[in-house]
Amino acid sequence: MAKAKIAQALIFTVPNKVGQLCAVSELIAEANVNIDAIIAVESGSSAEFRIITAKNEKAKKALSSLATDVRQESAVCVQMANKAGRLGKAAKKLADAGVNVIRAWAATFGGKSTTLVLQTSDDNKAVEALRKK
């Protein structure tokens, strides 16, 4: 059904103020690191970022001037067709496998595929379930 793999997400908080997305993206770009996935959520006086890159160590070093506590958590990246019902099929596989979805995000704008990012109760079991036909 879908291509699924485990990746490492960098998680950090910064003060919630204008320009933080710009600061984060510029620091990472200056380190010549591409952001594969990003989510940023405001939470009162701070903002939490979760990013996935292919070069997390470089990204982490680049962020050191802005975020003091950058940690990693695993995430499941699922590449699938951008068609009605595909998310439901993936969610059903996870439910049937007993995998709880803690966090999920994705975006697509008319392309043929999308990448869904999941943080789950059991990433290995999630990947196994999502790869089944």
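The values are calculated or read from the model by the stated rules, or taken from the named source; none is laboratory data. Just so we're clear, the structure is a prediction, and the values are computed from it rather than from any experiment. Virtual Cβ from ideal backbone geometry, glycine too; neighbours counted across all protein chains shown.
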Specify which of the listed residues (LEU87, LEU118, LEU94, LEU66) is within 18 Å of the chain's Cα centre (by Cα) and either within 18 Å of ILE39 (Cα to Cα) or without any contact (Cβ under 8 Å) to a residue 12 or more places away in the chain (or both).
LEU118
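In this structure, does THR108 turn out to be over 17 Å from the mean Cα position of the chain (by Cα) and either β-branched (Val, Ile, Thr) or not assigned by TED's automatic domain parsing to the domain that holds CYS22 (or both)?
Taking the combined requirement at face value, the residue does not satisfy it.
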Inside the stretch 52-133, counting only strands (runs of 3 or more DSSP E) that do not spill past its ends, which hold 3 or more residues that are among the polar types (S, T, N, Q)?
71-81, 113-120
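For (1) over 16 Å from ALA9 (Cβ atoms); (2) surrounded by fewer than 18 Cβ atoms within 10 Å (Cβ to Cβ); (3) modelled with pLDDT of 95 or more, each residue gets a yes or a no:
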site	(1), (2), (3)
GLN20	yes, no, yes
ILE51	no, no, yes
LYS58	no, yes, yes
ASP69	no, yes, no
GLN72	no, yes, yes
MET80	yes, no, no
THR120	no, no, yes
If you check VAL33 against the conditions, is it more than 10 Å from the chain's Cα centre (by Cα) and buried (at least 17 other Cβ atoms within 10 Å of the Cβ)?
yes
For the stretch 2-18, which residues satisfy the criterion of being surrounded by fewer than 17 Cβ atoms within 10 Å (Cβ to Cβ) and either under 13 Å from the mean Cα position of the chain (by Cα) or over 20 Å from GLN119 (Cβ atoms) (or both)?
LYS5, ILE6, GLN8, PRO15, ASN16, LYS17, VAL18
